[in-house]
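A.B. asks: Quick one: structure below, then a few questions.
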Amino acid sequence: MQRGLTNITSATTTTLIDFDSHRGNISTIQISNNNSSNPVTIDLYLHDGTVSNDAYIIKNVVIPSGVALLLNESPISFNTDVLALKITTAGTSPNVSVIIR
């Protein structure tokens, strides 16, 4: 999947940066809950193809409706030859935008 803007409108797992994409250097990630009344629960993690080895950047973080979470403390860098960046959304009618820079 391409870097930039991703819109997610269901409770699902989405690949934000896939294996072999050569885009493993990230300066910021903004996750916005666009739902007008429901919170969303977010897991953001690095995935190597097996669930037992997932490395969580954030896990079970609840974002209230109309709120954005900005991850910009330090750059995230990873090897896309062996890792992908994924997000899992959970909750009632998730409506999430993810911007990666």
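The values are calculated or read from the model by the stated rules, or taken from the named source; none is laboratory data. Remember, it's a predicted structure, so these values are computed and weren't measured experimentally. Note: ideal-geometry Cβ built from the backbone for every residue, glycine included; neighbour counts use all protein chains shown. In case anyone asks, the SASA skips ligands and DNA or RNA and just uses the protein heavy atoms, side chains included. Shrake-Rupley method; radii C 1.70, N 1.55, O 1.52, S 1.80 Å.
A.B. asks: Do we have residue 86 as within 14 Å of the chain's Cα centre (by Cα), more than 14 Å from residue 6 (Cβ to Cβ) and not in a loop (DSSP other than H, G, I, E, B) here? Spell out the reasoning first.
C.D. replies: Working: within 14 Å of the chain's Cα centre (by Cα): yes; more than 14 Å from residue 6 (Cβ to Cβ): no; not in a loop (DSSP other than H, G, I, E, B): yes.
It is false that residue 86 is within 14 Å of the chain's Cα centre (by Cα), more than 14 Å from residue 6 (Cβ to Cβ) and not in a loop (DSSP other than H, G, I, E, B).
A.B. asks: Further, regarding this structure: Among (1) within 12 Å of the chain's Cα centre (by Cα); (2) at pLDDT below 95; (3) open to solvent by 70 Å² or more (accessible area, probe 1.4 Å), there is one condition residue 7 misses while meeting the rest; what is its number?
C.D. replies: With (1) within 12 Å of the chain's Cα centre (by Cα); (2) at pLDDT below 95; (3) open to solvent by 70 Å² or more (accessible area, probe 1.4 Å) applied to residue 7, the lone miss is (2).
A.B. asks: Among the residues of region 40-51, is any of a type in the set (A, V, I, L, M, F, W, C), farther than 15 Å from residue 97 by Cβ and out of contact with any strand residue (DSSP E or B) (no Cβ under 8 Å at 6 or more places or on another chain)? Don't jump to the end; show me each part of the working.
C.D. replies: Narrowing region 40-51 to residues of a type in the set (A, V, I, L, M, F, W, C): 40, 42, 44, 46, 51.
If we keep only those that are farther than 15 Å from residue 97 by Cβ too, we end up with 46, 51.
Add one more test, that the residue is out of contact with any strand residue (DSSP E or B) (no Cβ under 8 Å at 6 or more places or on another chain), and what stays is 51.
There is at least one residue in region 40-51 that is of a type in the set (A, V, I, L, M, F, W, C), farther than 15 Å from residue 97 by Cβ and out of contact with any strand residue (DSSP E or B) (no Cβ under 8 Å at 6 or more places or on another chain).
A.B. asks: Here's something else I'd like to know. Taking region 55-92 as the search range and keeping residues that are among the hydroxyl-bearing types (Ser, Thr, Tyr) and open to solvent by 40 Å² or more (accessible area, probe 1.4 Å), which one is modelled with the lowest pLDDT? Please lay out each step first, then the result.
C.D. replies: Here is the first cut: in region 55-92, the residues among the hydroxyl-bearing types (Ser, Thr, Tyr) are 56, 65, 74, 77, 80, 88-89, 92.
After this cut, where a residue has to be open to solvent by 40 Å² or more (accessible area, probe 1.4 Å) as well, the list is 56, 65, 74, 77, 92.
Numbers: 56: 95, 65: 97, 74: 76, 77: 86, 92: 96.
Ranking the candidates gives 74 first.
A.B. asks: Somewhere in region 14-29, is a residue modelled with pLDDT of 95 or more and more than 21 Å from residue 79 (Cα to Cα)?
C.D. replies: no
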